[in-house]
Amino acid sequence: MAEGPNIPNGAFSPFQMQMLELVSHVQSQEEMDDIRRLLAEYFAKRAEDEIDRLWDEGILNDEVMEEWKHEHMRTPYRQ
């Protein structure tokens with residue numbers, strides 16, 4: 001891997017270091033926008049596939065979705 005910025009050993013995982021190396025070759029805002037779009041599409045597809053799996057296995061269904069509409073997940077504060 002090419003020599004990059006002086007980053008402390010262990011500050012990033014090997015995967016993060018690989019991403020830093022890849023984006024170090026970006027030459028324009030348009031390229032960066034394309035990379036962001038590709039990553040967003042990738043993670044959206046993974047989330048969609050997982051939701052489909054949960055639905056197919058019966059873990060997620062209309063009843064669960066209806067329960068979520070009425071669920072309050074706010075942080076409880078001390079009085």
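The values are calculated or read from the model by the stated rules, or taken from the named source; none is laboratory data. Owing to the predicted nature of the structure, the values given are computational and were not obtained by experimental measurement. With ideal geometry, Cβ positions are generated from the backbone for all residues, glycine too; neighbour counts draw on all protein chains shown.
State yes or no: is Ile59 touching a helix residue (DSSP H, G or I) at 6+ places or on another chain (Cβ under 9 Å) and modelled with pLDDT under 90? Please lay out each step first, then the result.
Numbers: touching a helix residue (DSSP H, G or I) at 6+ places or on another chain (Cβ under 9 Å): yes; modelled with pLDDT under 90: no.
For Ile59, the condition - touching a helix residue (DSSP H, G or I) at 6+ places or on another chain (Cβ under 9 Å) and modelled with pLDDT under 90 - is not met.
Filter the range 25-48 for residues that are among the acidic types (Asp, Glu) and surrounded by fewer than 10 Cβ atoms within 10 Å (Cβ to Cβ) and give the result.
Within the range 25-48, the subset among the acidic types (Asp, Glu) is 30-31, 33-34, 41, 48.
Within the range 25-48, Glu30 is the sole residue that qualifies.
Any idea which of Gly10, Gly4 is modelled with pLDDT under 95, part of a loop (DSSP other than H, G, I, E, B) and touching a helix residue (DSSP H, G or I) at 6+ places or on another chain (Cβ under 8 Å)? Write out each step before concluding.
Details: Gly10 fails: touching a helix residue (DSSP H, G or I) at 6+ places or on another chain (Cβ under 8 Å).
After ruling out the rest, the residue left standing is Gly4.
Considering each residue of the range 35-62, count those that are outside any loop (DSSP other than H, G, I, E, B), farther than 21 Å from Glu21 by Cα and of a type in the set (A, V, I, L, M), and give that number.
So the answer is 4.
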